[in-house]
Each structure stands twice: as structure tokens, then as C-alpha cells.
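Peer 1: Quick one: this structure, given as C-alpha cells, is what I'll be asking you about.
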Amino acid sequence: MDALPQALDGDELESTDPATGAIVGCVRMTTAEGLDAMVGRAWHAFHHSGWKSLLPHRRALVLQAIADRLAAEKEALATLQMRDNGKPLAECRGMVESAIGTFRYYAGVCETLETDVTPSRGDYVSFTVLEPFGVVACITPWNSPIMNDATKVAPALAAGNAVLLKPSEDSPLLAPELARIAREAGLPDGMLQVVQGRGAEIGAALVAHPGVRMISFTGGTATGRAIGRVAGDRLVPVALELGGKSPHVVFADAEIEHAVAAVVAGIFGSAGQSCVAGSRLFIEASLYDEVLARVVERTRALRVAAPDAPGVEMGPLASFHHRERVIRFVDRAREEGGRILCGGSAPEGEGYAKGAYYLPTVIDGLPPEALTCQEEAFGPVLVALPFRDEADLIAQANGTAFGLACGIWTESFKRAWRVGRALEAGSVWINTYKQSVTTTPFGGFKNSGIGREKGIDGLRLYAQVKSMYFGL
Ligand code: NAD
């Protein structure tokens, strides 16, 4: 991104490495005047850069070039993300790879996307064309910055829009790198600009800006609701990818060893800071004690360490203030009467003293309506619940406001099908968990969101349909 004139730059925003507390970088926050200038520049680029009228295969070449450059800088980007939000380096590498795949996929979709034609009805023929909105806002959270940014930016650009990308104030360092790489790969100036700063201030100004024609948001449900209200008032389309409290279900006939490994990875991967974390574990009552004991044993054995330590399985939380939220969440679980089976505190020892570490925590003994079982911790906290039969499971598992994902472990195909259809979730994993491919749509039921990202729908999100009729 070009530097804005100084008067349009705001205060500095620092990024802190949650593993050490050290400052790893800083960006300038965007002021209200700076935002106006960016929106103006984005519209100028949209109308005059030629991007929207490029033939699809030419647009695809630039998206492929962005993917190539991301691949060339993979190690540096993964390391930067590790410092920016504390995820283990191996996970950060995976996220850069996901971003690369996303740009390649939408390069392909952009070349092959077809629209509808209704053949002649006598004296006319009709067909549809897809048109970009113009300037769109993409707002992302801190948990997987490069991956979430790519999931929005690649299809939005593929559809021909100019993008204002607003990363979280807690992980501001990756978005400017993506914008630089895109420009170096041939994306015209102004087509991808980065808005930096606090959500309640510049984020709110961005969604309310009259120059923004579509909003794509990933983050918490309360923020999504606030953005939805503004979008409703302005009558601009909005896509919302929100929180979750995903059930991970183990039936007595499951392959227990695989199920236990997946349950532990499904919640403690990314230190639980994943929208699809399987944060409620449902175990069929007849095997409850046995499966829970194995989950606790495996959780206790997880290697919590610096994100670049060999063999690390869980790093620190993404920030010190987020750790405070997790501490309060577990304190409340205790007040509700929950039994802390492992974890429940920060780890002790010199290696942990300076970082935002928290031990992976397993809780049980709570009723399904307890707040601990209802609200998202967005941290390494798993709550276990027994179920009697399918009907009991479905009632409990569907008994939250969320509906993002679920996992089901059973050897019975018919049961997997029945339960998978009955659970209110946008993604259902059967005998696997947290798999994700760019070709398959992703999004939530109920309070977990509106709209679907990824897949071809992920590009249509950023396009409006125009129906055209030709008299013959
Ligand atoms: P958040 O809602 O606090 O912030 C997300 C983004 O919105 C940030 O960039 C923030 O600056 C901005 N923002 C905050 N208030 C705003 C406002 N009023 N107007 C405009 N922008 C505003 O979420 P977070 O703490 O960064 O991320 C954690 C949440 O994200 C969790 O709930 C998690 O489940 C969710 N999440 C969902 C998905 C998904 O795909 N469904 C993926 C990752 C994370």
C-alpha cells in the first residue's frame, strides 16, 4: 500500500509477540480523513485501473502471480504471523499455504465461471452477467490473519471489486504484506488498501461509509450483529462469518483412539482460537468415563511451548488481554460448579513467564444450559457432557445459539447420516475433524453467520447479478 500523506495517518498501533511480550512491529492507524481518501482512491481505481474490465484470464494471471509471491515468501510470512499472534510455526505455514491455494482457486474460478442463458423465447433471449459491487470492505479477526484475509480478498478481487481490508488491531502486520505482494504481482494501485485501527472506531466508520457497497465480516457474533444493523440500515449486502460452540460427538461404537486424538486436536489446535474449535465434547453415557479419561490423559500430555520450539503442540494465546478473557471464562465455570479435570491455570516455569500461555483445560460436571456450555471461550477450554441416546444428543447439541460446525464419530453410516442431518451446523465432519478445502462452501447456521465463503458461492458473494434481455 502506498504511504498516505502524513496528515491522514493516525497514531501508531503496536503488535506484541504473545510468546515474549516483545514489540514485533507497528503500523499507523487510519484516521477518518485517511479512510475518506482511501475510499476515494478505491473508487478511482475501480473505475479507471482497468481491473474490472480485464478479460478473466488476465485477472487470473495476476491472482496466480499473487499466489506465486506468497509461495516465494512463505517462510517469512509464516514467521511474521507466528510473532504477530503466537500460533505454532507449523500452523502458520499451513495458513500461508491455505492463502496460496485460495488465490490459485479463485484464479481458476474467475476464468471458468459461467452465467445463465435462457434461449430464445420467440422474440427475445435473456441471460445474466455478474458485476462487481465497486468498493467492498473485508473485515477480519486476529486468529488466522493471512488465511482469513485471503479467503475474502481473492474472491472479491476475482469478481472485479476494489477492496478495503481491515485486519484486527491485535494482528495488524500480515494485511500490509498481502497488499504489498498484490501490488508487486501486478494488481493496480488502489485495488487493495489496508485500513488499520480499532474495530469500534475505524472499523465502525468503514462499515458506515457511504462509499462502501458491500461488507464481508469474520469475527465475533456481537460484532457481527452490530455490523448487520448498520448494513441493514444502509441496505448494503453483508456476509457474516461468526462464532461457534461446536459439538464434537463420540458414540460408543466409534474408533475410540482416532476419536480421542481428533477431539484433542479439534479443540487445542490453535490453542482453541479457531471458530470451528470442537469446544463441547458429547460422549455416549456408556463410555463417558473411559473416553473422558483418555481425553484428559492426552490433553495433559500436550506440549505447550514457544511457537517455534521443536514439537510444540500449543503455543501462547494470541494476546495478554485475550488470556484475561479465558481466565475469566474458566473462573466462571468454577463458579457454575464445573470440575476442572486438567489445566485451569497458566503453566508454571521460566519459559512461560513472559508469554500469554494458558494450559489446555477440560471441564465437566455442568448442565448443558450452563454459560460455560453455551458461550464461546475462543480459547483452550473443552467442556464434556454425557448423552443417553440420539434424541438426547440432538437436543443438547442443538441447544445453543450457534451452528457453525460439528464432528461425529461412529462406525455406523446410517447413524452418521441421521445425526449429521439433524445437527444445526454449516459444516459436518464425520470420522474426521476440521478439514477444510477451498472448493467446499463454509459458513454458519443460526448465530454463526449469514452467507457462505469458499467454493464458487464464495465468488458470487462479491458479485451482483444483472439480468439482460435482447429483443430479436
Ligand atoms: P471481533 O468481532 O472482536 O473483531 C473482528 C474484526 O472486527 C476486527 O478487525 C475488529 O477490529 C473489527 N471490529 C470490531 N468492532 C467493529 C465494529 N463495530 N465495526 C466494524 N468492525 C469492527 O472478533 P475477534 O476477537 O477479532 O475474533 C474472534 C471471533 O471471530 C470469534 O468469535 C471467532 O469465532 C470468530 N471467527 C469466526 C470465523 C468464521 O469463519 N466463522 C473465523 C475466525 C474467527
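Peer 1: Mind checking whether some residue in segment 405-425 is under 21 Å from residue 269 (Cα atoms) and either out of contact with any strand residue (DSSP E or B) (no Cβ under 8 Å at 6 or more places or on another chain) or surrounded by fewer than 21 Cβ atoms within 10 Å (Cβ to Cβ) (or both)?
Peer 2: no
Peer 1: Taking only segment 274-300 into account, find how many residues are out of contact with any Lys or Arg (no Cβ under 7 Å at 6 or more places or on another chain) and within 16 Å of the ligand (Cβ to nearest atom).
Peer 2: Going through segment 274-300 one residue at a time, the tally reaches 4.
Peer 1: Among the candidates 271, 318, single out the residue that is within 16 Å of the ligand (Cβ to nearest atom) and assigned to a loop (DSSP other than H, G, I, E, B).
Peer 2: 318
Peer 1: Regarding residue 435, is this residue touching a strand residue (DSSP E or B) at 6+ places or on another chain (Cβ under 8 Å) and of a type outside the set (A, V, I, L, M)?
Peer 2: When the stated conditions are applied, residue 435 passes them.
Results for (1) more than 13 Å from the ligand (Cβ to nearest atom); (2) under 21 Å from residue 38 (Cβ atoms); (3) touching a Cys at 6+ places or on another chain (Cβ under 9 Å), shown as yes or no for each residue.
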site: 113; (1), (2), (3): yes, no, no
site: 117; (1), (2), (3): yes, no, no
site: 122; (1), (2), (3): yes, no, no
site: 126; (1), (2), (3): yes, no, no
site: 129; (1), (2), (3): yes, no, no
site: 139; (1), (2), (3): no, yes, no
site: 155; (1), (2), (3): yes, yes, yes
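Peer 1: Write out, first by first residue and then by second, each pair whose Cβ atoms fall under 6 Å of each other, whose residues are 6+ apart or on separate chains, and whose first residue, in segment 96-107, is more than 17 Å from residue 174 (Cα to Cα) and at pLDDT 95 or above while the second is buried (at least 24 other Cβ atoms within 10 Å of the Cβ) and of a type in the set (Gly, Ala, Ser).
Peer 2: Close Cβ pairs satisfying both conditions: 106/154; 106/158.
Peer 1: Here's something else I'd like to know. Would a scan of segment 419-438 turn up a residue that is in contact with a Ser or Thr (Cβ under 8 Å, 6 or more places away or on another chain) and farther than 30 Å from residue 252 by Cβ?
Peer 2: yes
Peer 1: For residue 3, state whether it is surrounded by fewer than 19 Cβ atoms within 10 Å (Cβ to Cβ), within 25 Å of residue 157 (Cβ to Cβ) and either polar (S, T, N, Q) or modelled with pLDDT under 95 (or both).
Peer 2: yes
Peer 1: Name the residues in segment 344-371 that are hydrophobic (A, V, I, L, M, F, W, C), farther than 13 Å from residue 299 by Cβ and either assigned to a loop (DSSP other than H, G, I, E, B) or over 28 Å from the mean Cα position of the chain (by Cα) (or both), would you?
Peer 2: Within segment 344-371, 346, 353, 356, 366, 370 meet the criteria.
Peer 1: Mind counting the residues in segment 209-238 that are in a strand (DSSP E or B) and near the ligand (Cβ under 10 Å from one of its atoms)? Break it down into steps so the answer makes sense when it comes.
Peer 2: Here is the first cut: in segment 209-238, the residues in a strand (DSSP E or B) are 214-218, 238.
Going one step further and asking which of them are near the ligand (Cβ under 10 Å from one of its atoms), we end up with 215, 217-218.
Looking only at that region, the number is 3.
Peer 1: Still on this structure: With (1) surrounded by 18 or more Cβ atoms within 10 Å (Cβ to Cβ); (2) assigned to a loop (DSSP other than H, G, I, E, B); (3) more than 27 Å from the chain's Cα centre (by Cα) as the list, and residue 341 as the residue in question, which single condition is left unmet?
Peer 2: (2)
Peer 1: Further question on the same structure: For residue 356, work out the one condition from (1) closer than 30 Å to residue 238 by Cβ; (2) out of contact with any Gly (no Cβ under 6 Å at 6 or more places or on another chain); (3) buried (at least 24 other Cβ atoms within 10 Å of the Cβ); (4) hydrophobic (A, V, I, L, M, F, W, C) it doesn't fulfil.
Peer 2: It is condition (1) that residue 356 fails.
Peer 1: Something else about it: So, residue 258, is that one part of a helix (DSSP H, G or I) and either more than 12 Å from the ligand (Cβ to nearest atom) or touching a residue at least 12 places away in the same chain (Cβ under 8 Å) (or both) or not? If you could, list the steps in order and put the result at the bottom.
Peer 2: Values: part of a helix (DSSP H, G or I): yes; either more than 12 Å from the ligand (Cβ to nearest atom) or touching a residue at least 12 places away in the same chain (Cβ under 8 Å) (or both): yes.
Yes; evaluated as a whole, the condition is true for this residue.
Peer 1: For residue 150, are the conditions met, namely being within 14 Å of the ligand (Cβ to nearest atom), crowded, with 24+ Cβ neighbours inside 10 Å and within 24 Å of residue 96 (Cβ to Cβ)?
Peer 2: yes
Peer 1: Might you let me know whether segment 177-195 holds any residue that is in contact with a Gly (Cβ under 7 Å, 6 or more places away or on another chain) and either without any contact (Cβ under 8 Å) to a residue 12 or more places away in the chain or among the polar types (S, T, N, Q) (or both)?
Peer 2: Looking through segment 177-195, none of the residues is in contact with a Gly (Cβ under 7 Å, 6 or more places away or on another chain) and either without any contact (Cβ under 8 Å) to a residue 12 or more places away in the chain or among the polar types (S, T, N, Q) (or both).
Peer 1: Quick one: count up the residues across segment 300-338 that are over 17 Å from residue 383 (Cβ atoms), small (Gly, Ala, Ser) and surrounded by 16 or more Cβ atoms within 10 Å (Cβ to Cβ).
Peer 2: Residues flagged as over 17 Å from residue 383 (Cβ atoms), small (Gly, Ala, Ser) and surrounded by 16 or more Cβ atoms within 10 Å (Cβ to Cβ) within segment 300-338 amount to 5.
Peer 1: Name the residues in segment 157-173 that are within 10 Å of the ligand (Cβ to nearest atom) and either over 19 Å from residue 14 (Cα atoms) or of a type in the set (Asp, Glu) (or both), would you? Even if it seems obvious, please write down each step before you answer.
Peer 2: Going residue by residue through segment 157-173, those that are within 10 Å of the ligand (Cβ to nearest atom) are 165-172.
Those that are within 10 Å of the ligand (Cβ to nearest atom) and either over 19 Å from residue 14 (Cα atoms) or of a type in the set (Asp, Glu) (or both): 169, 170.
Peer 1: Of the residues 78, 71, only one is in a helix (DSSP H, G or I), over 16 Å from the mean Cα position of the chain (by Cα) and crowded, with 18+ Cβ neighbours inside 10 Å; which?
Peer 2: 78
Peer 1: With 467, 448 as the choices, which residue is farther than 25 Å from residue 260 by Cβ, among the polar types (S, T, N, Q), away from the ligand (no atom under 13 Å from the Cβ) and touching a residue at least 40 places away in the same chain (Cβ under 8 Å)?
Peer 2: It is 467.
The values are calculated or read from the model by the stated rules, or taken from the named source; none is laboratory data. Not measured: the values here are computed from a predicted model. Reconstructed Cβ throughout: ideal geometry from the backbone, glycine too, with neighbour counts over all protein chains shown.
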